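Colleague: The structure's right below; bear with me while I get my questions together.
The values are calculated or read from the model by the stated rules, or taken from the named source; none is laboratory data. Predicted model, so just to flag it, every value in this text is computed and none were measured. So basically every Cβ, Gly included, is an ideal-geometry build from the backbone, and we count neighbours across all protein chains shown.
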Amino acid sequence: MRWSEYWPLQQAEGTSGLRHSAWSLLSTNPPAWVYFLDFAVYPGLILVCTYDALMGPGSVGLVRLAALALAGYGIWTFAEYVLHRAVFHHVPGFRHAHFAHHHAPRELIGTPTLVSTAIFAVAVYVPLVELLGRPQASALSVGLLAGYLAYISVHYLVHHSASGGLATLRRLKRHHALHHHRENRCNFGVTTRLWDRMFGTLR
Ligand SMILES: [Zn+2]
Ligand SMILES: [Zn+2]
C-alpha cells in the first residue's frame, strides 16, 4: 500500500499497545494527547535554539538574537500563507488531511509533531546552518518556531474558544471562519491578515 493511502492514518478499532502509540504519533487525527504534543515540543525547541544561539560556540549575543528571531517570526507569517494556499490546498497528501480539517473543523486534526519537526530539521534548520552558521541559524529558528507555535495556538483557539475574548482573536476567528465556510479561496493567513491583504485574497 502506498504512503498516501495511509494519510490520514486511521486508528483501527481494537489496535492497542506499542503499535497503536507508534501509529498515533503519525496520525493527522490522533488521540488528544498526541495532538497537544506540539504545545510541549515546540516551546522546548524554542528554548534549545535560544540556548544554542546565546551559549553555543560563536554566540550571537542578545541584540542579534532578538533581531534574527523577529526576522524569523516575520518569515514564518509569510511561510504560513504560502503553505496554506499552495501546499495544504493543492499538494496531494497534505490536501487530503487539510480538507478533512475543513469538513470537521473542531476535530483534533493537525500535522503530526514527528512530521513537522522532521520537515523543520531537514528542510529548514540544516540548510540554514550551511548558509548562515549554527548560532545565526538557531537565532532565526527561535522566531520561525515561535511563529509555528503561534500558528497552531491561534488555529486551535479560533476553532475552540468562545466568541468573546480579545478583539484581535475575534477578528482572526471571523477571518478564518470565512476561509472555512464561505469561500476557501480567500483568507489563507491564520495569525495575520497582512499577506492576504498584500496578495488580494482578503475578504
Ligand atoms: Zn484551508
Ligand atoms: Zn481551520
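Matching residues to (1) within 16 Å of ligand 2 (Cβ to nearest atom); (2) within 18 Å of the chain's Cα centre (by Cα):
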residue	(1), (2)
107	yes, yes
110	yes, yes
115	no, yes
120	no, yes
131	no, no
143	no, yes
174	yes, no
185	yes, no
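Colleague: Now, a different point. On the given criteria, is residue 126 in a helix (DSSP H, G or I), more than 21 Å from residue 49 (Cα to Cα) and modelled with pLDDT of 95 or more?
Modeller: In short, no.
Colleague: State yes or no: is residue 190 assigned to a helix (DSSP H, G or I) and at negative phi?
Modeller: no
Colleague: Moving on to the next point. Residue check, residue 93 against (1) more than 16 Å from ligand 2 (Cβ to nearest atom); (2) crowded, with 18+ Cβ neighbours inside 10 Å; (3) under 27 Å from residue 186 (Cα atoms), all met but one. Which one?
Modeller: Unmet for residue 93, out of (1) more than 16 Å from ligand 2 (Cβ to nearest atom); (2) crowded, with 18+ Cβ neighbours inside 10 Å; (3) under 27 Å from residue 186 (Cα atoms): (2).
Colleague: Let me ask something else. Of the residues 149, 157, which single one is within 25 Å of residue 187 (Cβ to Cβ), surrounded by fewer than 20 Cβ atoms within 10 Å (Cβ to Cβ), within 16 Å of ligand 2 (Cβ to nearest atom) and not polar (S, T, N, Q)?
Modeller: Result of the check over 149, 157: 157.
Colleague: If I ask for residues that are polar (S, T, N, Q) and within 15 Å of residue 79 (Cα to Cα), which ones from the range 112-130 would you list?
Modeller: 116
Colleague: Next up: So, in the range 145-203, of the ones that are touching a Gly at 6+ places or on another chain (Cβ under 9 Å) and away from ligand 1 (no atom under 16 Å from the Cβ), which residue ends up modelled with the lowest pLDDT?
Modeller: Taking the candidates together, the pick is 170.
Colleague: Within the range 75-82, can one find any residue that is more than 16 Å from ligand 2 (Cβ to nearest atom) and under 15 Å from residue 137 (Cβ atoms)?
Modeller: Scanning the range 75-82 turns up at least one residue that is more than 16 Å from ligand 2 (Cβ to nearest atom) and under 15 Å from residue 137 (Cβ atoms).
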